[in-house]
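Notes follow the structure.
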Amino acid sequence: MNTRLVCRLLLPFLAASGVSACGRIEPWVKPYERDRLADPIMFLDGDPVSSAYIQHVYEAREGARGGEGAAGGGCGCN
Amino acid sequence: MRTLTPRLTLLAGCLLLTVNHGALAGVLPEDRTDILYHLYDGGGVEIDGPSLLMRKQVAKNVSLVGNYYIDMVSSASIDVITTASPYSEERKQYSLGMDYLHANTTMSLGFTNSTESDFDATTYNLSISQDMFGDLTTLTLSYALGDDVVGRSDDETFSRDNTRQHYGVGLTQILTRNLITTLNFETITDEGFLNNPYRSVRYADSGSPLGYSYEPELYPHTRTSNAVGLRARYYLPYRAALQGEYRFFTDTWDIESHTAAISYVHPMDDWTFTIKYRWHDQTGAHFFSDLFSRPEATNFRGRDKELSPLTSQTLKFAASYEFMSDGWRFIDKGSVNFSIDLLTVDYHEFRDLTADALVGEEPFYTLDADVVQLFFSFWY
């Protein structure tokens, strides 16, 4: 694997640790190449009022919580 | 407290602050208003009401957001009809939040309060997001503190506290011009009164005509959970999107779960259609039992069906229609959205006591519920 590929694979971990061992990293997806990612159909959470509601339904009906991009509290409800 | 939605508070507050903007890094969230009607109907429970979300940029670098939400509950659930009487109640919640953008950093603060007749919840939350590496990577750290006060509608002197802390780390990564992923890790700790003050567990009792009796449930006073979730969304060659999700969850009550989902988004002129399938499977809490052998059989005991081993499946259909695409007065565009989620939960240890069967041999309970959402959105 070349250095660029290694950096790409390690980037999330480097970002999380605040360490950059790869020097200056050039964005491999240029701003002018992000038109598809800017399309509303690509938004990970395009309707926050709706996703908050449905996430809560799951948290009320299942024993798990969290890990889906927003914090949540479990509840012991009927 | 007995509603479906007593702890939406923390969820709503945090979500207001962690709205993902897709690939639009380093910008404030869009100005928009959403007016939602929601309905949950299943298992003898009907909950409906409105939710209003408004977000507006008020200065070059500041955006404010507010949410007002109401649940109107009518409940005759399997728990209620076997141990209590049907009831109705209302819950109101409001949230306020602020986002401040400085260069590639977004700082957010929020406050949420929820009140109902026997439950009061307040949450404070904050988060910080940093865009890095040419805006290909967004790292988000979040913290929330929630304080609940649990009461009883039949006992004004009953009051118990619960404190919840949430720690979250999120990483959104653009991998290619067609693929975006996000990884979220969340730890939540609870300390205080965690069980429902109304719910009971049943135990075998040969002296009872039914063959069993009830006693109040008793939960541990602490709980810590960890969840890690991964989502990936891919842009298909003909302008459509495919998303896959997976989450692993584990906690100190011995609940362990796997959740997976796949969804497909297909735009067609001014319409956008979405179909989604979600699957969830979990083990039960170590203190859960459908039928204890005797009273006070264990130190902790619960019969909450959500703590039972279970498998749930959901099929979602959604349609959205965009109008005023060329703008009208101060509005840039609007949309009307409808969705229905068909939810089925199969409980593997929680039994249906309404069935005519020998004690401990009743069939396992199955829940079917429809979750309907209708909402209008306006961008300005």
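Computed from the coordinates by the stated procedures, all read-outs in this text should not be read as laboratory data. Note that the structure is predicted; figures quoted are calculated from it, not measured. Note that we place each Cβ from the backbone using ideal geometry, even for glycine, and neighbour counts take in every protein chain shown.
Things worth noting here:
- Taking the Cα centre of segment B:249-359 as reference, the dipole from Cβ charges on Lys and Arg (+1) and Asp and Glu (-1) amounts to some 100 debye.
- Annotation note: trypsin sites (Lys or Arg not before Pro) in segment B:248-330 located in DSSP loop regions with a Cβ neighbour count of at most 12 within 10 Å are B:329.
- Sum of -39500 (n - 2.57) over DSSP H runs of 4+, divided by residues of chain B (222 nm, nearest 500): -1000 deg cm²/dmol
- With coordinates expressed along the principal axes, the C-alpha atoms belonging to segment B:96-141 extend over 50, 16, 10 Å, beginning with the largest.
- Cα centroid separation - segment B:102-153 against segment B:207-270, whole Å: 20
- Equivalent-ellipsoid semi-axes of chain B, from the Cα gyration tensor, Å, largest first: 39, 23, 21
- Distant alpha-carbon pairs in segment B:56-185 (separation over 24 angstrom), percent: 50
- Taken one residue at a time, the phi angles of segment B:157-174 give Karplus couplings (6.51, -1.76, 1.60, θ = phi - 60°) of 7, 7, 8, 10, 9, 8, 10, 10, 10, 10, 10, x, 10, x, 9, 9, 9, 7 Hz. Gly and Pro are set to x.
- A straight chain from residue B:218 to residue B:205 at 0.36 nm per residue would run longer than the Cα-Cα distance by 2.8 nm.
- Shape summary: segment B:168-232 maps onto an equivalent ellipsoid whose semi-axes, from the alpha-carbon gyration tensor, are 46, 15, 7 Å in decreasing order.
- Only Lys, Arg, Asp and Glu carry charge here, each on its Cβ (+1 for the first two, -1 for the last two); on that basis segment B:8-379 has a dipole of about 1480 debye about its Cα centre.
- For segment B:245-314, the dipole from Cβ point charges (+1 on Lys and Arg, -1 on Asp and Glu) about the Cα centre works out to 240 debye, to the nearest 20.
- Computed from Cα positions, the angle between helix B:8-17 and the longest principal axis of chain B comes to roughly 20 degrees.
- Stretchable slack from residue B:324 to residue B:297, in nm (0.36 nm times residue separation minus alpha-carbon distance): 3.3 nm
- Mean separation of Cα contacts under 8 Å (6+ apart) over length of chain B, as relative contact order %: 12
- Of B:84, B:241, B:355, the one that fluctuates the most in a GNM where chain B has Cα springs shorter than 10 Å: B:355
- Charge dipole (the protein assembly as shown, unit charges on Cβ, about Cα centre) - positive-most of B:133, B:26, A:44: B:133
- Karplus 3J(HN,Hα) series, Hz, for segment B:341-351 with 6.51 cos²θ - 1.76 cosθ + 1.60 (x for Gly, Pro): 10, 9, 9, 10, 10, 9, 8, 9, 9, 7, 9
- Segment B:115-123 - phi-based ³J(HN,Hα) in whole Hz, Karplus 6.51/-1.76/1.60, Gly and Pro as x: 10, 8, 4, 10, 7, 10, 10, 10, 10
- Positive end of the dipole of segment B:8-379 (Cβ unit charges, origin at the Cα centre): among B:358, B:302, B:257, the Cα lying farthest that way belongs to B:257.
- Between residue B:102 and residue B:358, the contour length at 0.36 nm per residue exceeds the Cα-Cα span by 85.6 nm.
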